[in-house]
Amino acid sequence: MQSLFAYDQCKEANNTLAQDFIDERFAPNLNSMEVQDKPVLKEKNKEALSLYKKLYASQEVTESEDPQVNSVAEEAYKLCHSNNKKDYGFLKKNLVAEVEKINHRYYEVLGLLLAFADASKSDKKADHSNFLKNGFIATLRKDVSLQGLLLKTNATWDNHRTLVQGWFRNVIKTDKVYFQYISEASPDDTAQKNIIKHIIRKLILGETAINDFFAERDIRWAEDHDIVKSLADKTLKSLDIEQGTFQLQKLSMDWEDDLVFMNTLFEKTTQIEQSNKDLIANNTKNWEVDRLPLTDRVILEMAITELINFPAIPVKVTINEYIELTKHYSTPKSAKFINGILDVIAKELVTSGIVRKSGRGLIDNK
């Protein structure tokens, strides 16, 4: 949704740049020694803008009698199209990269636990033996697959040792729960798990300088934060201290399928047919589509695209997912608004046969 939102904004900006280009081409040349006929230039500008807007809207075009007007309008259109193509390619590629970045942040959190353990070794003012011998820390340390991933994704924190030492000194070591843990005579398995959960949730991903560091590097951290926390929590729950094993979590159970889903949804939504845009317009009483909040319009177009192009996803599941998306990213009243429109549109699409669900339990399109 964020990528589609960004693409829509890019297209609007590129459209404005194209029109600015026309304005510049027909602006009086203040450095020319010749007299500038401003009324004529203004008329050519107006005519070229009109021609460009029809080209942009894919409307029927009647060329001007002035070759210069035609040339400038065509050049502006090509400029806009070229910029849109570049932005589309970047955002599509970046879409996958941003999702993969979540895994990287997850590995960084696990790597940071090990980095804190290393930092504790150099502190001579307190005994951090309980932390160094913690079952989770020890298991992470000896897991070959994790060590390989930390090195491969550069999530070891070796390049931020001074920063890590500062966090350990100012955030970890000064924490009362942590101090109580390292002061215990012999922490049991529950205590060992609880301190790791506390460090991850409250000290790394809580309201601390450490979480601020993640937020400063990742523009999507507000969304990624909860996913990373969930992955870390599941990793800790999978820990078997006696066996010295744990389960590294996967962001996706089937990355290849999810990759196809993401790319298809992005591509098809950007190519949504006018007839489907009209469905939105026809069902938004007292609202012109262009006057809808951009977030709502993007969500509606995504939902219609999913209804049409993914026959294995039940209609109700699609509607519920986009209502939830609306609750997180749009206005307070939008969820009810989106729910009502999607319900009507879905029924129209099913009745017309455009949406046909297939698979077990989907024969009735429910």
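Bear in mind that the values in this text are calculations on the coordinates, not laboratory data. Please read all numbers here as calculations on a predicted model, not as lab measurements. Using ideal geometry, Cβ is built from the backbone for each residue, glycine included, and neighbour counts are taken over all protein chains shown.
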**Complete:** Out of Tyr7, Ala346, Tyr178 - ranked by how far each Cα lies towards the positive end of the dipole of the chain, with unit charges on the beta-carbon of charged residues - the top one is Tyr178
**Fill in**
Computed, not fitted: 222 nm per-residue ellipticity of the chain from DSSP H runs ≥ 4 (each -39500 (n - 2.57)), nearest 500, equal to -22000 deg cm²/dmol
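Cross-link list Lys124/Lys202; Lys46/Lys333; Lys176/Lys327; Lys92/Lys277; Lys11/Lys327: which exceed 32 angstrom alpha carbon to alpha carbon? It would help to have the intermediate numbers written out before the result.
On the way: Lys124/Lys202 25 Å; Lys46/Lys333 41 Å; Lys176/Lys327 37 Å; Lys92/Lys277 22 Å; Lys11/Lys327 26 Å.
Over 32 Å Cα-Cα: Lys46/Lys333; Lys176/Lys327.
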**Asked** For region 2-91, rounded, prolate or oblate, judged on the Cα gyration tensor with a ≥ b ≥ c (square roots of eigenvalues), a/c < 1.5 rounded, else prolate if a/b > b/c?
**Response** prolate
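For region 272-352, with only Lys/Arg (+1) and Asp/Glu (-1) charged at the beta-carbon, what is the dipole magnitude about the Cα centre, in debye rounded to 20? Spell out each step's value before the answer.
Details: 9 positive and 11 negative charges, 62 e Å.
With Lys and Arg at +1 and Asp and Glu at -1, about 300 debye.
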**Item:** Likely footprinting exposure, Met253, Met1, Met302, fewest C-beta neighbours within 10 Å first
**Value:** Met253, Met1, Met302
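Taking a ≥ b ≥ c as the square roots of the eigenvalues of the Cα gyration tensor of region 135-188, is the shape rounded (a/c under 1.5), prolate (a/b larger than b/c) or oblate?
On the way: a/c = 4.35, a/b = 1.37, b/c = 3.19.
Because a/c hits 1.5 or more and a/b fails to exceed b/c, region 135-188 counts as oblate.
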**Longest to shortest principal axis, alpha-carbon extents of region 93-140, angstrom** = 49, 20, 8
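Where nothing but the Cβ of Lys and Arg (+1) and of Asp and Glu (-1) is charged, how large is the charge dipole of the chain around its Cα centre, in debye to the nearest 20? Write down the numbers at each step before the final one.
Numbers: 50 positive and 55 negative charges, 276 e Å.
Dipole about the Cα centre, nearest 20: 1320 debye.
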**Message:** Output needed for region 102-237: three equivalent-ellipsoid semi-axes, defined as square roots of 5 times the C-alpha gyration tensor eigenvalues, in descending order, whole Å.
**Reply:** 22, 16, 15
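Rank these for me by crowding, Phe90, Phe214, going from fewest to most other beta carbons within 10 Å. Don't jump to the answer; show the numbers that get you there.
Working: Phe90 14, Phe214 18.
By the 10 Å Cβ count, ascending: Phe90, Phe214.
Out of every Cα pair in the chain, what percent are spaced more than 28 Å from each other? Numbers along the way, then the final one.
On the way: 40881 of 66795 pairs.
When all Cα pairs of the chain are counted, 61 percent exceed 28 Å.
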**Asked** Based only on the alpha carbon positions, what is the Kirkwood hydrodynamic radius of region 219-261, in angstrom?
**Response** 12.1
**Item:** Mean projected area in nm² (Cα convex hull; one quarter of hull surface) for region 182-261
**Value:** 7.3
**Prompt:** Which shape class, rounded, prolate or oblate, goes with region 1-153 when its Cα gyration tensor gives a ≥ b ≥ c as root eigenvalues, a/c under 1.5 marks rounded, and past that a/b bigger than b/c marks prolate?
**Reply:** prolate
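Which ordering of Glu301, Glu12 is given by a fewest-first count of other beta-carbon atoms within 10 Å? If you can, show how the numbers build up before the last one.
Working: Glu301 21, Glu12 11.
Ascending Cβ contact count within 10 Å gives the list Glu12, Glu301.
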**Asked** Along the positive direction of the dipole of the chain (beta-carbon charges: Lys, Arg +1; Asp, Glu -1; about the Cα centre), which of Ala18, Thr318, Phe90 reaches farthest?
**Response** Thr318
**Item:** region 272-352: radius of gyration over Cα atoms, expressed as a fraction of 2.2 N^0.38 Å
**Value:** 0.99
